[in-house]
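Here the structure is laid out as structure tokens; the discussion comes afterwards.
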Amino acid sequence: MSANTFSYWERTAFIDNADIIIIGSGIVGLSAALHLKQQQPALKVLVLERGFLPTGASTKNAGFACFGTVSEQVAYLKDAPEEEVARLVNYKWRGLQRLRENLGDANIEYYQHGGYELFMDGETALADERIEQIPYINNLLKNAIGKTDIYSVANAKIAAFGFKGVSRMIYNPFEGQLHTGKMMRALLNKVYHLGVLVLNGCEIQQIENEEAHISLRTSQGRFKAGKVILATNAFANQLFPELKVVPGRGQVLVTKPIPDLKLKGTYHFDEGYYYFRNIDNRVLFGGGRNIDFNSEETWEFGHTEEVKAKLTHYLKEMILPDQSFEIDYWWSGIMGFGDDISPIVKEVEPNIFCAVRCNGMGVAMGSLVGEEVAKLAL
Ligand SMILES: Cc1cc2nc3c(=O)[nH]c(=O)nc-3n(C[C@H](O)[C@H](O)[C@H](O)COP(=O)(O)OP(=O)(O)OC[C@H]3O[C@@H](n4cnc5c(N)ncnc54)[C@H](O)[C@@H]3O)c2cc1C
């Protein structure tokens, strides 16, 4: 389709004259749009999204409002200095506060039921090592989130949740959960209200830096703007191959409603590679990317029998061992990872900026990452 097929009315009302075009309508792209309009209400901001809905991670995730388990902090400390790990926790914490301020807890169904890290029967030595590290990690992170006693032992609650094969549990009362679909709708409503235009079904195929403007070749024709923000996360190097972002698929299931569901909160195990929570009397459960990193390093949505079998096994044997339940359906989402645990926010070419690679933590970080790139573009 060529740009010439647009009518005069379409061109003047929808297509032409954007000051800034944002590519990708996930949490980062929309948070960037929000900040741009809050700072400069007259700015013409256009968001172009290739999916019918946002089609990456922002409407596919688990909705954990979290900043890491003890095991995740210990794993980060192997590769990064203490200050960097504390800085990242502070960034996620502030990102979550900004998300809640921007959208309101009621609109995103935010609840702070707390989070738990689980250790299996065969992991008692590892669990005891992590438990010994709690005072050190609590001290390291106390300024990052302004709270003491972040993590504590919660073995006494294991039986009440009905888990089987779980030997130890660490509790974090500052972890929350939200409805990620309602979060994205609230964000869309907010940017629409400020005058941002979001067009779906428009895939950007090429970005050309021309002298007077940036020109975008898309599946719907050609668009032009003074500046462009790339917020395509896992898919970033489809347009800029030099960006160091590796895709990682996450597979997720949700059960049908379960009467008298005992669990309430967010739960992680195996260094965060598996995660589950309650939602509307159901269990949402995802993970298993570590079963075969290579096959999950993909831009393709979908499932593998290995991951489905593992998740089903844990659900039956460990999470809901004495309850009958049915899996309702499955989905997947694609995250953007890299060796460095921080996102990439920078000018990639004159007047082209990127904000990508939330490393599977974009619910927590996305609001600030979007804000940062908006500041850079302004
Ligand atoms: C299964 C799963 C569970 C997760 N759980 C959590 C969690 O509990 N807590 C947490 O903090 N984080 C979680 N995450 C991570 C979080 O969802 C992401 O970090 C975050 O959504 C990234 O937001 P984004 O806006 O950068 O990217 P995305 O939401 O992926 O948005 C990028 C958008 O760009 C669009 N796009 C791509 N290429 C083009 C193109 N060429 N033209 C036009 N549009 C394009 C895509 O369609 C997509 O909508 C999870 C992710 C997954 C997949």
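Structural remarks
- For region 63-194, relative contact order (Cα pairs under 8 Å, six or more residues apart, normalised by length) works out to 39 percent.
- Contour minus Cα-Cα distance for A159 and A212 (0.36 nm per residue): 12.5 nm
- Rounded accessible area per residue of region 275-340, 1.4 Å, Å²: 52 Å²
- Rounded tilt (10° steps) of 124-145 against the dominant C-alpha axis of the chain: 50 degrees
- Taking the convex hull of Cα positions in the chain, its mean projected area over all directions (nm²): 19.1 nm²
- Taking 24 Å as the straight-line reach from the Cα of K244, the lysines in range (excluding those fewer than 8 positions away in the same chain) are K60, K78, K92, K227, K346, K375.
- Taking Cβ atoms as reference points and 9 Å as the exclusive limit, the residues near S71 contribute a net charge of -3, counting Lys and Arg as +1 and Asp and Glu as -1.
- Rolling a 1.4 Å probe across the protein heavy atoms gives region 22-178 an accessible surface of 41 Å² per residue.
- Surface composition of the chain: carbon and sulfur make up 49 percent of the accessible area, probe 1.4 Å.
- About the Cα centre, charge dipole magnitude for the chain (Lys/Arg +1, Asp/Glu -1 at Cβ), debye: 1120 debye
- Measuring between their Cα centroids, region 81-151 and region 25-51 lie 29 Å from each other.
- Net charge dipole, region 1-136: roughly 840 debye, given to the nearest 20, about the Cα centre with Cβ charges of +1 for Lys and Arg and -1 for Asp and Glu.
- Cα long-axis angle, helix 82-103 against the chain (0 to 90 degrees, to the nearest 10): 70 degrees
- Among T180, T304, T255, the largest mean-square fluctuation in a Gaussian network model of the chain, built with springs joining Cα atoms closer than 10 Å, belongs to T304.
- Largest accessible area first, the residues D149, D339, D105, D260 order themselves as D339, D260, D149, D105 under a 1.4 Å probe with ligands, DNA and RNA left out.
- Helical runs (DSSP H, four residues minimum) scored at -39500 (n - 2.57) apiece and divided by the length of the chain put the mean residue ellipticity at 222 nm at -10000 deg cm²/dmol.
The values are calculated or read from the model by the stated rules, or taken from the named source; none is laboratory data. This one's a predicted model, so the numbers in the text were calculated from it and none came from an experiment. Quick reminder, even Gly has a Cβ in these numbers, built from the backbone with ideal geometry, and neighbours come from all protein chains shown. These area figures cover heavy atoms from the full protein model, side chains too; ligands, DNA and RNA do not enter into them. Shrake-Rupley method; radii C 1.70, N 1.55, O 1.52, S 1.80 Å.
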